[in-house]
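Report on the structure given below.
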């Protein structure tokens, strides 16, 4: 009878060790994923800071104010405009500084492209 308990104890110890190894592997995987996410977030934050600093050079104060207001209501649009202006600036394809009027035209062009046709039907 004592021998049966020993086999069961060994089996239980083996199962516990396997489960513990599985949990350890899961924790290690989660830690690696978290570290990767943090690295990606840091890179994205650094890029956003570079672009924001470039906007001080690229845009006039009035244009920066307008873009900040656009960002409050349409963050995706503002991000697209900033990225586009930054790319143009890097490639020397834009006249600096971009005035408020020029920014208005850029925003107008982008918002017209993104507008959806809506129709209202009465039932």
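The values are calculated or read from the model by the stated rules, or taken from the named source; none is laboratory data. Predicted model only: the values in this text are computed from it and were never measured. All Cβ positions, glycine included, derive from the backbone under ideal geometry; neighbour counts span all protein chains shown.
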Assess whether residue 51 counts as being assigned to a helix (DSSP H, G or I) and surrounded by 13 or more Cβ atoms within 10 Å (Cβ to Cβ). yes
Do the conditions hold for residue 42, that is, is it under 23 Å from residue 104 (Cβ atoms), free of Cβ contacts under 8 Å to residues at least 24 places away in the same chain and either surrounded by 10 or more Cβ atoms within 10 Å (Cβ to Cβ) or touching a helix residue (DSSP H, G or I) at 6+ places or on another chain (Cβ under 9 Å) (or both)? no
Here the qualifying pairs (Cβ atoms under 6 Å; residues six or more apart or on different chains; first in segment 98-123 and within 30 Å of residue 57 (Cβ to Cβ); second part of a loop (DSSP other than H, G, I, E, B) and at pLDDT 75 or above) come out as 99/60
Determine which member of the set 20, 83, 25, 30 is at pLDDT 95 or above, surrounded by 10 or more Cβ atoms within 10 Å (Cβ to Cβ) and within 21 Å of the chain's Cα centre (by Cα). 30
Which of (1) surrounded by 10 or more Cβ atoms within 10 Å (Cβ to Cβ); (2) modelled with pLDDT of 90 or more does residue 72 not meet, given it meets every other one? (1)
Do we have residue 51 as modelled with pLDDT under 95, in contact with a strand residue (DSSP E or B) (Cβ under 8 Å, 6 or more places away or on another chain) and at negative phi here? no
Among (1) touching a residue at least 40 places away in the same chain (Cβ under 8 Å); (2) not in a helix (DSSP H, G or I), which single condition is residue 92 missing? (1)
